[in-house]
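Structure record follows, encoded as structure tokens.
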Amino acid sequence: MYKEKSRVRKSEQKRYGKENRLLLKNSKRILTKRAFKLKDEQKQRVNAILYISDALREAYILKEMLYEVCDCTDRAGAKAMLEEWIYSAQKSDLKDYHDCANTLLNWQKGILNSFEVTYTNAFTEGCNNKIKVLKRNAYGYRNFERFRKRILHMFRYKSEKAKLMRQPKLPHQFHFILPQLLTKSLKSQVLSYPRKPMSSLFQSLLSPHLS
């Protein structure tokens with residue numbers, strides 16, 4: 001629906017003169033934002049935009065109606081409001097919304113099921129997106145095993161990072177070590193050091209190298 005609303009906004013922006021075009025410029029965020037979350041200045045600008053454009057006013061009303069569908073807590077209420085939204089979108093003069101209404105009509109059963117069962121495939125879709133971004137950043141992988149190991153390493157790093165974020169922070173925690181000091185002999189020393197203030201820990205690490 002956001003794409004359809006953006007098309008309506010861009011087409012309306014091209015229609016009007018320079019003065020009204022400046023009013024519509026950079027208006028995507030406030031037109032997408034929910035009405036009750038708008039500040040007073042934003043409400044005045046939205047009212048001015050909707051006053052000069054019938055198409056944007058109709059699109060804005062449909063947007064708010066769809067938000068109300070998402071706010072429903074039961075299947076029966078969501079079904080009634082969703083059917084009302086589909087009917088309003090199909091009867092509107094906005095051709096961009098007709099395809100959106102037909103899509104929601106075809107997937108109506110699955111959408112309504114989400115109001116009864118809260119389980120979704122959002123986590124799976126997020127993992128697929130991360131894998132696609134990884135492949136795109138590397139411009140593809142020739143070796144599948146290397147690609148597989150890189151994926152496992154990425155998700156293992158994310159899980160370990162999340163565990164560390166959940167741990168309570170201790171005072172005077174040593175957050176970084178100079179790379180040139182990370183020799184094999186110093187790794188065991190660093191791991192065996194008790195928690196100390198940063199100044200004393202740096203002094204004990206640097207003293208062998210300064211002598």
(message) Quick test for you: out of Asn129, Asn102, pick the one residue that is outside the structural domain of Ser6 (by TED's automatic domain parsing) and at pLDDT 90 or above.
(response) Asn129
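Results for (1) charged (D, E, K, R); (2) over 30 Å from Leu62 (Cα atoms); (3) surrounded by 10 or more Cβ atoms within 10 Å (Cβ to Cβ); (4) at pLDDT 90 or above, shown as yes or no for each residue.
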{"site": "Glu145", "(1), (2), (3), (4)": "yes, yes, no, yes"}
{"site": "Glu160", "(1), (2), (3), (4)": "yes, yes, yes, no"}
{"site": "Arg166", "(1), (2), (3), (4)": "yes, yes, no, no"}
{"site": "His172", "(1), (2), (3), (4)": "no, yes, yes, no"}
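Where in segment 57-120 are there helices (runs of 4 or more DSSP H), lying fully within it, with 3 or more residues that are buried (at least 17 other Cβ atoms within 10 Å of the Cβ) and within 26 Å of the chain's Cα centre (by Cα)?
Numbers: elements: 75-91, 96-106, 108-113.
So the answer is 75-91, 96-106.
Mind listing just one residue for me: the one in segment 16-56 that is assigned to a loop (DSSP other than H, G, I, E, B) and in contact (Cβ under 8 Å) with a residue 24 or more places away in the chain and, of those, surrounded by the fewest Cβ atoms within 10 Å (Cβ to Cβ)?
Step one: filter segment 16-56 for residues assigned to a loop (DSSP other than H, G, I, E, B), giving 16-17, 25-27, 33-34, 38-39, 53.
Okay, now just the ones that are also in contact (Cβ under 8 Å) with a residue 24 or more places away in the chain, so 16, 34, 53.
Numbers: Tyr16: 14, Arg34: 11, Ser53: 22.
Step by step, filter segment 16-56, then rank; the result is Arg34.
Conditions (1) among the small types (Gly, Ala, Ser); (2) modelled with pLDDT of 90 or more, marked per residue:
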position	(1), (2)
Met1	no, no
Val8	no, no
Lys14	no, no
Ala59	yes, no
Tyr67	no, yes
Ala80	yes, yes
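The values are calculated or read from the model by the stated rules, or taken from the named source; none is laboratory data. Everything numeric here is computed off the predicted structure, so don't read it as measured data. Backbone-built Cβ (ideal geometry, glycine too); neighbour counts: all protein chains shown.
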